[in-house]
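Visitor: Structure incoming, see below.
The values are calculated or read from the model by the stated rules, or taken from the named source; none is laboratory data. Quick caveat: nothing in here was measured; it's all calculated off a predicted structure. Reconstructed Cβ throughout: ideal geometry from the backbone, glycine too, with neighbour counts over all protein chains shown. Keep in mind that these areas ignore ligands, DNA and RNA; they rest on the heavy atoms of the full protein, side chains included. Shrake-Rupley method; radii C 1.70, N 1.55, O 1.52, S 1.80 Å.
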Amino acid sequence: MADPSHTTQHNPLLTRHAEALDLFTERLRAVRPDQWGASTPCTEWTVRDLVNHLTVEQLWVPSLVRDGSTIDAQGDAFDGDQLGDDPVATWVRAAAAARAAFSEPNALERTVHLSYGDSSAADYCAEMITDAVVHSWDLARGIGADERLP
C-alpha cells in the first residue's frame, strides 16, 4: 500500500496550488505601505480589496474541504475586511491553512459545497489555482511589479 503522505506531497495539482500561492505571496511581499489604496485591473478593487478577496478565498478552504461545511453554514464569517493590521501575515496564515486542508489524505477526493453547487475538491483546488495566478497578475499590475507569470 502506498504511503498517503508521499502521494499527497507529489500530487501535481497540489504542487501547482503551492506554486500559485507562492506566486501571490511573492507579489504581496512587494507591496509598499503607500500602495494599499492603489487601483488594480479589477476596477472595483484597490490593492487591499484584491488581497482581502484572495485571502477570504483561502479562509474558506479549511471549512469547505476539511470540515465539509457549506457556504450557508458559515454565514457572514468572512464578510468584510479580514486583513487587519498586518495583511501579509494574515494572507500567509490563510494560505498555509488552505494548503494544509487540500493536502490532507484524500482531501481532493471529497465533495465541497460551493455557492454554485457541489464540486469535487480537486476541481475546487484547480479553480483556486487559477484565481491565485490571475490575481497575482492583477496585484503586480496594481503595484507596478513584474507581471510575467510562469
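Visitor: Is it true that some residue in segment 44-57 is open to solvent by 40 Å² or more (accessible area, probe 1.4 Å), among the aromatic types (Phe, Trp, Tyr) and either part of a helix (DSSP H, G or I) or in contact with a helix residue (DSSP H, G or I) (Cβ under 6 Å, 6 or more places away or on another chain) (or both)?
Guide: Within segment 44-57, not a single residue is open to solvent by 40 Å² or more (accessible area, probe 1.4 Å), among the aromatic types (Phe, Trp, Tyr) and either part of a helix (DSSP H, G or I) or in contact with a helix residue (DSSP H, G or I) (Cβ under 6 Å, 6 or more places away or on another chain) (or both).
Visitor: Whether any residue in segment 64-77 is β-branched (Val, Ile, Thr) and modelled with pLDDT of 95 or more is what I want to check. Please lay out each step first, then the result.
Guide: From segment 64-77, those β-branched (Val, Ile, Thr) are 65, 70-71; that's our starting set.
Checking which are modelled with pLDDT of 95 or more leaves us with none.
No, segment 64-77 contains no residue that is β-branched (Val, Ile, Thr) and modelled with pLDDT of 95 or more.
Visitor: Any idea which residue in segment 135-144 is farthest from Leu21 (Cα to Cα), counting only those that are out of contact with any Pro (no Cβ under 9 Å at 6 or more places or on another chain) and buried (at least 16 other Cβ atoms within 10 Å of the Cβ)? I'd like the intermediate steps shown before the answer.
Guide: Initially, segment 135-144 is screened for residues out of contact with any Pro (no Cβ under 9 Å at 6 or more places or on another chain), giving 135-136, 139-140, 143-144.
Checking which are buried (at least 16 other Cβ atoms within 10 Å of the Cβ) leaves us with 135-136, 139-140, 143.
Working: His135: 10, Ser136: 9, Leu139: 13, Ala140: 14, Ile143: 18 Å.
Looking at residues that are out of contact with any Pro (no Cβ under 9 Å at 6 or more places or on another chain) and buried (at least 16 other Cβ atoms within 10 Å of the Cβ), I get Ile143.
Visitor: Does any residue of segment 3-26 turn out to be open to solvent by 80 Å² or more (accessible area, probe 1.4 Å), farther than 30 Å from Asn106 by Cα, at pLDDT below 90 and not aromatic (Phe, Trp, Tyr)?
Guide: Within segment 3-26, none of the residues are open to solvent by 80 Å² or more (accessible area, probe 1.4 Å), farther than 30 Å from Asn106 by Cα, at pLDDT below 90 and not aromatic (Phe, Trp, Tyr).
Visitor: Given the criteria at pLDDT below 95 and among the acidic types (Asp, Glu), does Asp146 qualify?
Guide: On the way: at pLDDT below 95: yes; among the acidic types (Asp, Glu): yes.
So Asp146 fits the description; yes.
Visitor: Still on this structure: I need a count of the residues in segment 111-125 that are among the hydroxyl-bearing types (Ser, Thr, Tyr) and either open to solvent by less than 10 Å² (accessible area, probe 1.4 Å) or part of a helix (DSSP H, G or I) (or both).
Guide: Here is the first cut: in segment 111-125, the residues among the hydroxyl-bearing types (Ser, Thr, Tyr) are 111, 115-116, 119-120, 124.
Next, from what is left, pick out any that are either open to solvent by less than 10 Å² (accessible area, probe 1.4 Å) or part of a helix (DSSP H, G or I) (or both): 124.
Residues meeting the conditions: 1.
Visitor: If Leu149 satisfies all but one of (1) more than 25 Å from Ala30 (Cβ to Cβ); (2) part of a loop (DSSP other than H, G, I, E, B), what's the number of the condition it fails?
Guide: In the conditions (1) more than 25 Å from Ala30 (Cβ to Cβ); (2) part of a loop (DSSP other than H, G, I, E, B), Leu149 misses (1) alone.
Visitor: Spot the failing condition for Asp131; the list is (1) outside any helix (DSSP H, G or I); (2) open to solvent by 10 Å² or more (accessible area, probe 1.4 Å), and only one is missed.
Guide: With respect to (1) outside any helix (DSSP H, G or I); (2) open to solvent by 10 Å² or more (accessible area, probe 1.4 Å), Asp131 is out only on (1).
Visitor: Is there a residue being assigned to a loop (DSSP other than H, G, I, E, B), open to solvent by 20 Å² or more (accessible area, probe 1.4 Å) and closer than 25 Å to Ala126 by Cβ anywhere in segment 95-105? Step through it out loud before you land on a result.
Guide: Filtering segment 95-105 down to residues assigned to a loop (DSSP other than H, G, I, E, B) leaves 104-105.
So of that shortlist, the ones also open to solvent by 20 Å² or more (accessible area, probe 1.4 Å) come out as 104-105.
Still in the list and also closer than 25 Å to Ala126 by Cβ: 104-105.
Yes, segment 95-105 contains a residue that is assigned to a loop (DSSP other than H, G, I, E, B), open to solvent by 20 Å² or more (accessible area, probe 1.4 Å) and closer than 25 Å to Ala126 by Cβ.
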